[in-house]
Each structure stands twice: as C-alpha cells, then as structure tokens.
Amino acid sequence: MPKYMLKLTYTLDGVKGVRAKGGSARRETTEGAIKSVGGSLEAFYFALGETDAYAVADLPDVTVAAALALAVTAGGEATVQTVQLVSPEDIDAASSREVGYGRRLSDIPWLSDLQPGLFVPEGDAPVASVPLSVAEPEYQTEPEAEPEPDLEAVKSERIEVDVEDHRTGQVRTLAFQGQWLVEPRDDPALDRGQVIGVALTARGRIAVWWGPRGEPGSFYDFDTIEEADSLDLPEAVMRYARSALGGSQPVVELDI
C-alpha cells in the first residue's frame, strides 16, 4: 500500500482545539480519519516550525489521499500538504530502469545545480551578482541623494526578515540569500514609524519588506511590474518596485 506524509498546519480554531483537548486527542482524530478510508497511521508527531504536525500513513491510492486532504481542510481546523513517499527499494528499481531519453536517470545532474532556490541554507555558495541599473525612487519631498548601489562589489549575504501571517497572527522569520538595494529605512509616504527595504534575491527577484520599525512586517517578491501590480501593494511600495525593476522585463533572465 502506498505510503504518504501528511503535513498539517493548524488554523486558529485548530490550535484552540489542541490546547483544549491535548495532542493525544488530535492524534486519535487523525488516526480515525485515516482508518475510515481504509488506511493505517504509522506515525504522528507535532513539530516546531512552519508545519505543526506530521503524520505518516499507508493509504490505498492517491484518490483516497486527496479525499482525506479535502475533508480535513474543509473541516476548517487545519490545512494539509500531502507528500507521497518513495522507499529506498523503489529508488533502487527506478535508478536501474532504462528511459527512452538517451541516458539513464543517474546521469541527470541534481536539480539544485540547474535551478537554485529562492531561500537557500546558510553556508551555501552565494550566487554571482548580476549587474543591474537601479533608478533612484521619486519622492514627494527632496531627500538627500544616495549613491547607486554597485551590485558587483556587494557579496550575497543571508537576509532575515520577520513577517506576520495576517490570517493566523503567527510571526515567522524568512531567510534568503541576496543583497540589500535599499536597506530598511523611513519613508515619508508610509505611516509614521514604518520603514521599507528592497533586496535583490539570489535568483534575481526583487523582494520588498515594510512595516513598523523593530516589529514584524509584510514581505513580497516578484520579477516584473505586472506581477507587482497584481499584488495590490501600497503606492509607496510600488514606487520602490518600479524603480528597482525599471520596466516590465524581468530583472534577470536565468538560463535554466
């Protein structure tokens, strides 16, 4: 029987339920739901981080796995990400199977070499900087002019920003490799006490973060003006986005 991992993230109602009834009750509820569709629960653990709980289960097929995820999400107490697991023996069989592509699966380079991720662990080699002409934002007032950043001279660094999930109120720290184009600073067009920063990520996307100084804020990343427009960002933030992007073309065209 196929094995699946269910990654559970509780809503506010779900967290209240865990607090009121405890973790064992939540495991029993999950096990009951899995048994009702002909499956069995192998393991259930709570976790610290973005995912609140992990369940490993044997389920009859992918249709049953999808039905289970839909039912749990529709209940309103949790959202579910379903991952089908593959055993080492299955990988053994896959690596030895010939594919009509002209080469074996084992000869294909790792995906991480083909497409670097937006968020990369600390210690990974930084992606080479790409020359980018960044126009200075237009201000309603006349601030002191700042020199245009020399991106080739600035090494990629680990950037961390605190972000608040407006649906759950949960505060999380986002970390990614990149470089600040505009380090967080006050802007006269934002509410008093708020700051805004603009960064270039390792994948060449523009990331903006803004919020009250010293507190969690809002974070978005994009690589075209059209994408930024679709996010319905505040006009003060859009001024920085237009200035950093300098038009509707992507900042960097990756050859991947």
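Restricting ALA207, ALA244 to those that are in contact (Cβ under 8 Å) with a residue 12 or more places away in the chain, outside any helix (DSSP H, G or I) and touching a strand residue (DSSP E or B) at 6+ places or on another chain (Cβ under 9 Å) reduces the list to ALA207. Would you confirm whether or not segment 178-190 contains a residue that is basic (Lys, Arg), within 16 Å of the chain's Cα centre (by Cα) and at pLDDT 80 or above? No, segment 178-190 contains no residue that is basic (Lys, Arg), within 16 Å of the chain's Cα centre (by Cα) and at pLDDT 80 or above.
Find all pairs meeting these conditions: Cβ atoms under 7 angstrom apart; at least six residues apart or on different chains; first residue within segment 72-90 and more than 17 Å from PRO60 (Cβ to Cβ); second residue acidic (Asp, Glu) and loosely packed, with under 15 Cβ neighbours inside 10 Å. Close Cβ pairs (under 7 Å, with a partner that is acidic (Asp, Glu) and loosely packed, with under 15 Cβ neighbours inside 10 Å) amount to GLY76/ASP13; GLU77/ASP13.
The values are calculated or read from the model by the stated rules, or taken from the named source; none is laboratory data. This one's a predicted model, so the numbers in the text were calculated from it and none came from an experiment. We place every Cβ from the backbone using ideal geometry, glycine too, and count neighbours over all the protein chains shown.
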